Amino acid sequence: MKKRKLFIDALRGFALVNMILYHGLYDIVYIFHQNITWYQGKPGYLWQQSIAMTFIIVSGFTRHLSKKPVKDGITIFLWGFLLTLITTIFMPDQKILFGILSFLGLAILISWLFEKYLNRIEPIAGLFLSLFLFISTKEIQRGSLFFDKIHLPQEIYEIPGLFVLGFPDIHFSSTDYFPVFPWIFLFTAGYYLGKMYKKKKITLPNIPKKEDILTFIGQNSLKVYLLHQPILYLLLTGIFTVLKNYR
């Protein structure tokens with residue numbers, strides 16, 4: 001358990017460090033209006049996706065190890081809702097509607113609600129089925145499924161509130177958006193990886209050997225996530241104010 005905890009915490013910590021760097025560049029580009037071509041292109045998108053995928057898979061992996069999934073899910077979801085309120089009121093141009101925290105909170109609750117059905121599927125089959133469904137529904141926000149073979153009725157995307165499921169209307173806007181579909185399938189992929197580990201069908205690297213800065217960040221990921229953006233914003237505001245006055 002200790003080996004697993006250190007590796008998973010370090011992986012989560014590494015993803016969070018990347019997220020802090022990514023959000024710092026986001027602020028520089030979209031709030032302080034500096035041009036960074038690679039960040040605004042495909043490399044930046046792939047970086048962002050890799051960070052989110054790591055978080056979601058790790059959360060799925062550790063989900064069935066939680067002794068209080070309902071409490072955990074509600075707590076994380078409420079923090080996500082609070083971020084929605086704060087950004088909508090004070091930063092409407094940068095508002096967050098159903099971001100990563102809202103999704104993770106709801107995903108934990110969904111996995112708890114359907115846990116007996118999830119556990120009826122063999123972990124290896126569940127892993128591959130989850131990955132297939134994730135890839136097949138990746139373009140659901142753009143109206144298609146199964147590698148653009150099935151096109152969904154546009155009317156679905158005109159129903160208020162369905163952005164939570166992955167059906168945003170043309171006026172929907174959010175700086176951080178992780179709907180239930182397709183991301184719930186990546187969460188269940190992590191869940192089945194965790195089941196495979198628990199049944200000793202897979203092993204994890206025995207690294208790090210002891211607690212370090214990454215494991216510390218990983219162990220306090222929610223606190224770090226909630227605090228990093230205000231700190232980044234204040235820090236960058238100070239830096240750009242000094243640079244402006246210097247010029």
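The values are calculated or read from the model by the stated rules, or taken from the named source; none is laboratory data. Just so it is clear, the structure is predicted and the values come from calculations on it, not from any experiment. Virtual Cβ from ideal backbone geometry, glycine too; neighbours counted across all protein chains shown. The area values use the complete protein model at the heavy-atom level, side chains included, leaving out ligands, DNA and RNA. Shrake-Rupley method; radii C 1.70, N 1.55, O 1.52, S 1.80 Å.
Overview of values
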{"read-out": "Share of Cα-Cα pairs in segment 1-79 lying beyond 22 Å, as whole percent", "value": "40 percent"}
{"read-out": "Top of 104, 186, 145 by mean-square fluctuation, Gaussian network on the chain, Cα under 10 Å", "value": "145"}
{"read-out": "Heavy-atom accessible surface of the chain: percent carbon and sulfur, 1.4 Å", "value": "69 percent"}
{"read-out": "Of 19, 53, 91, the one that fluctuates the most in a GNM where the chain has Cα springs shorter than 10 Å", "value": "91"}
{"read-out": "Relative contact order computed over the chain (Cα-Cα under 8 Å; 6+ residues apart), in percent", "value": "33 percent"}
{"read-out": "Semi-axis lengths, Å, segment 145-242, gyration tensor of Cα atoms, sqrt of 5 times eigenvalues", "value": "34, 29, 10"}
{"read-out": "Segment 136-243: trypsin sites (Lys or Arg not before Pro) in DSSP loop, at most 12 other beta carbons within 10 Å", "value": "149, 199, 200, 201, 209, 210"}
{"read-out": "Fluctuation leader among 157, 45, 191 - the chain, Gaussian network, Cα springs under 10 angstrom", "value": "45"}
{"read-out": "Computed accessible area, residue 33, all protein chains, 1.4 angstrom probe, square angstrom", "value": "140 Å²"}
{"read-out": "Qualifying trypsin sites (Lys or Arg not before Pro) in segment 34-93, DSSP loop, other Cβ atoms within 10 Å at most 16", "value": "67"}
{"read-out": "Hydrodynamic radius of segment 102-176 per Kirkwood, over alpha carbon pairs, in Å", "value": "14.2 Å"}
{"read-out": "Column: log10 I(q)/I(0), Debye, Cα scatterers of the chain, q = 0.09, 0.10, 0.18 Å⁻¹", "value": "-0.43, -0.54, -1.58"}
{"read-out": "Greater than 32 Å apart at Cα, pairs in 42/201; 68/200; 138/195", "value": "42/201"}
